[in-house]
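The values are calculated or read from the model by the stated rules, or taken from the named source; none is laboratory data. If you're wondering where the values come from, they're calculated on a predicted model, not measured in any experiment. Because the Cβ atoms are built from the backbone with ideal geometry, glycine has one as well, and the counts that use them run over all protein chains shown. These area figures cover heavy atoms from the full protein model, side chains too; ligands, DNA and RNA do not enter into them. Shrake-Rupley method; radii C 1.70, N 1.55, O 1.52, S 1.80 Å.
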Amino acid sequence: MIRSLILAACVPFLVTIPLIALTAADEISPTARKLHFSSIVVDTHDDTTQRLLVPGFDIGARHEDGGIDIPRMREGGLGGIFFSIWMSGTITGADAVKRSLDQIDAVREMVRTHSADLALCTTAEQVRRAHADGKIAVLMGVEGGHMIASDLSVLRTYAALGVRYMTLTHMLDNEWADSSTDKPVHNGLSDFGKEVVREMNRLGVIVDISHVSDKTFYDALAVSKAPVFASHSSCRALCNAPRNMTDQMIKDLAAKGGVIQINYHVGFLSQKFRDAEQANPELGKQMTAEVEKRCANNEACQLVELDKEVRGAVAAGKLPRVDWTEIIDHIDHAVKLVGADHVGLGSDFDGADPPYGMEDATHLPRITDALLKRGYSEADIRKILGGNTLRLMEQVEATARSLAQDHATR
Ligand SMILES: [Zn+2]
């Protein structure tokens with residue numbers, strides 16, 4: 001989940017896109033198609049959970065808005081997906097825990113009621129098995145350490161319910177970690193924040209450094225005994241957003257076995273889009289005000305209506321159009337820095353504003369096709385599509401096992 005800086009008031013910047021006439025399958029080479037649909041494609045960040053909370057929403061039906069549902073995941077060859085458990089950092093304490101448990105329950109119930117298509121997975125091996133069984137692997141990540149209410153027992157409960165990563169912060173600092181989009185108050189991770197990271201290692205929960213401040217990133221990297229990842233971040237060298245990663249951060253992440261999962265949000269891909277947003281803060285305020293007028297506090301309504309506003313602004317020439325190929329530019333930039341073993345996909349579908357041509361999961365085969373055209377080997381493409389995520393999960397699982405062993409023999 002992102003929130004546009006110009007729309008930071010309260011509205012998630014979710015986009016709903018009318019289906020476009022072209023389907024990805026029309027343009028994909030047979031080689032790319034074969035490679036794509038025989039790979040385990042994993043997306044490490046989707047905010048579709050928010051839609052699950054809307055009464056009547058059925059993940060099994062094909063929708064004309066948003067990015068994710070079962071028919072479109074099937075069409076795009078998406079084999080594994082992390083559903084984000086998310087709420088604004090302004091919600092804290094017992095309220096945050098209750099809402100997190102409700103969202104975890106919504107994901108689990110979705111799997112239970114669509115068990116012919118979906119399988120809840122907590123290990124890389126389970127993801128592979130689900131794929132072999134023809135099912136889509138469903139995983140969960142908590143997006144924001146504020147949701148544990150500074151209580152390790154809550155973290156343990158989330159892990160026991162199947163959560164396999166936690167983003168240390170969202171857009172606000174929390175009680176123990178600094179965010180990239182807030183004023184630093186802890187100089188990175190507090191002592192308790194470091195304890196949280198150690199407990200995550202012990203539980204086999206991936207430490208996610210998307211959204212965190214640069215200092216929090218380096219603290220987490222130093223403390224974590226397992227590789228860490230950025231579940232949905234792009235390259236700051238190409239788009240200077242504070243929650244994108246610098247080249248040095250990407251190198252340091254990779255040196256410890258980590259993975260940067262490239263975010264598709266236009267405001268993180270395109271400097272041109274970002275500059276236009278910042279040059280016209282009034283536009284953001286107007287769009288937010290318009291959406292609030294139409295929707296009041298109805299979040300589902302806000303998601304749909306804000307998208308219409310943003311796409312309208314692009315159509316009116318007030319914001320630049322960003323094409324899906326910029327996703328490939330970010331992948332390529334990171335691969336040139338650290339090689340193909342440390343880059344993956346973290347779309348932010350249903351929580352951000354995807355570029356033209358990547359409006360939903362049906363378009364994913366384009367990524368495979370484009371990487372082949374840029375000369376990537378089939379083996380490297382399989383890693384980027386999901387192999388790197390599974391490898392990292394295995395390392396995190398192995399670290400948890402070895403920590404349990406250490407404890408048992410002490
Ligand atoms: Zn996010």
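Would you confirm, using the coordinates I've provided, whether Ile91 is within 16 Å of the ligand (Cβ to nearest atom) and surrounded by fewer than 22 Cβ atoms within 10 Å (Cβ to Cβ)? Explain how you work it out, then say what you get.
Numbers: within 16 Å of the ligand (Cβ to nearest atom): yes; surrounded by fewer than 22 Cβ atoms within 10 Å (Cβ to Cβ): yes.
Yes, satisfied.
Counting just the residues of the stretch 143-172 that are of a type in the set (S, T, N, Q) and within 19 Å of Ala226 (Cα to Cα), which one comes out farthest from the chain's Cα centre (by Cα)?
Thr169
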**Request:** Could you tell me whether the stretch 246-265 includes any residue that is surrounded by 22 or more Cβ atoms within 10 Å (Cβ to Cβ), over 30 Å from Glu394 (Cα atoms), aromatic (Phe, Trp, Tyr) and in contact (Cβ under 8 Å) with a residue 12 or more places away in the chain?
**Result:** no
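Condition check ((1) among the acidic types (Asp, Glu); (2) over 29 Å from Pro71 (Cα atoms); (3) touching a residue at least 24 places away in the same chain (Cβ under 8 Å)) across all residues:
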position: Leu364; (1), (2), (3): no, no, yes
position: Leu385; (1), (2), (3): no, no, yes
position: Asn388; (1), (2), (3): no, no, yes
position: Glu397; (1), (2), (3): yes, yes, yes
position: Ala400; (1), (2), (3): no, yes, yes
**Asked** What do you reckon, is Leu337 of a type outside the set (Ser, Thr, Tyr), under 17 Å from the mean Cα position of the chain (by Cα) and at pLDDT 95 or above?
**Response** no
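If only one of Arg274, Arg243 is among the charged types (D, E, K, R) and part of a loop (DSSP other than H, G, I, E, B), which one is it? Give the derivation first.
Details: Arg274 fails: part of a loop (DSSP other than H, G, I, E, B).
That would be Arg243, the only listed residue that is among the charged types (D, E, K, R) and part of a loop (DSSP other than H, G, I, E, B).
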**Asked** How many residues, within the stretch 46-90, are assigned to a strand (DSSP E or B), of a type outside the set (Asp, Glu) and closer than 22 Å to Leu168 by Cβ?
**Response** 5
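For the stretch 51-75, enumerate the residues that are among the β-branched types (Val, Ile, Thr) and either within 16 Å of the ligand (Cβ to nearest atom) or under 21 Å from Thr389 (Cβ atoms) (or both).
Across the stretch 51-75, the qualifying residues are Ile68, Ile70.
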**Message:** Can you tell me which condition Ser233 does not meet? The list is (1) within 14 Å of the ligand (Cβ to nearest atom); (2) part of a helix (DSSP H, G or I); (3) open to solvent by less than 10 Å² (accessible area, probe 1.4 Å), and all the others hold.
**Reply:** (2)
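Right, Glu309: part of a helix (DSSP H, G or I) and either basic (Lys, Arg) or more than 24 Å from Met73 (Cβ to Cβ) (or both) or not? Show your work before the answer.
Working: part of a helix (DSSP H, G or I): yes; either basic (Lys, Arg) or more than 24 Å from Met73 (Cβ to Cβ) (or both): yes.
In short, yes.
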**Request:** Could you run through the stretch 207-226 and say how many residues are open to solvent by 10 Å² or more (accessible area, probe 1.4 Å) and more than 15 Å from the ligand (Cβ to nearest atom)?
**Result:** 8
**Asked** Can you name every residue in the stretch 133-149 that is farther than 27 Å from Thr113 by Cα and buried (at least 24 other Cβ atoms within 10 Å of the Cβ)?
**Response** Gly144, Gly145, His146, Ile148
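Here is a yes/no grid of residues against (1) touching a helix residue (DSSP H, G or I) at 6+ places or on another chain (Cβ under 6 Å); (2) without any contact (Cβ under 8 Å) to a residue 12 or more places away in the chain; (3) buried (at least 24 other Cβ atoms within 10 Å of the Cβ):
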site: Ala289; (1), (2), (3): no, yes, no
site: Glu292; (1), (2), (3): no, no, no
site: Gly312; (1), (2), (3): no, yes, no
site: His333; (1), (2), (3): no, no, no
site: Lys336; (1), (2), (3): no, yes, no
site: Val343; (1), (2), (3): yes, no, yes
site: Asp353; (1), (2), (3): yes, no, yes
site: Thr368; (1), (2), (3): yes, no, yes
site: Gly375; (1), (2), (3): no, yes, no
**Fill in**
Going through the stretch 30-50 in order, the residues found to be away from the ligand (no atom under 16 Å from the Cβ) and either within 16 Å of Thr113 (Cα to Cα) or open to solvent by 10 Å² or more (accessible area, probe 1.4 Å) (or both) are Pro30, Thr31, Arg33, Lys34, Phe37, Ser38, Ile40
**Prompt:** Limited to the stretch 150-180, what total is found for residues that are in a loop (DSSP other than H, G, I, E, B), of a type in the set (A, V, I, L, M, F, W, C) and open to solvent by less than 20 Å² (accessible area, probe 1.4 Å)?
**Reply:** 2
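In the stretch 341-399, how many residues are within 16 Å of the ligand (Cβ to nearest atom) and in contact with a strand residue (DSSP E or B) (Cβ under 8 Å, 6 or more places away or on another chain)? Write out each step before concluding.
Quick first cut of the stretch 341-399, residues within 16 Å of the ligand (Cβ to nearest atom) only: 344-354.
Imposing the further condition that a residue be in contact with a strand residue (DSSP E or B) (Cβ under 8 Å, 6 or more places away or on another chain) reduces the set to 344-351.
Count: 8.
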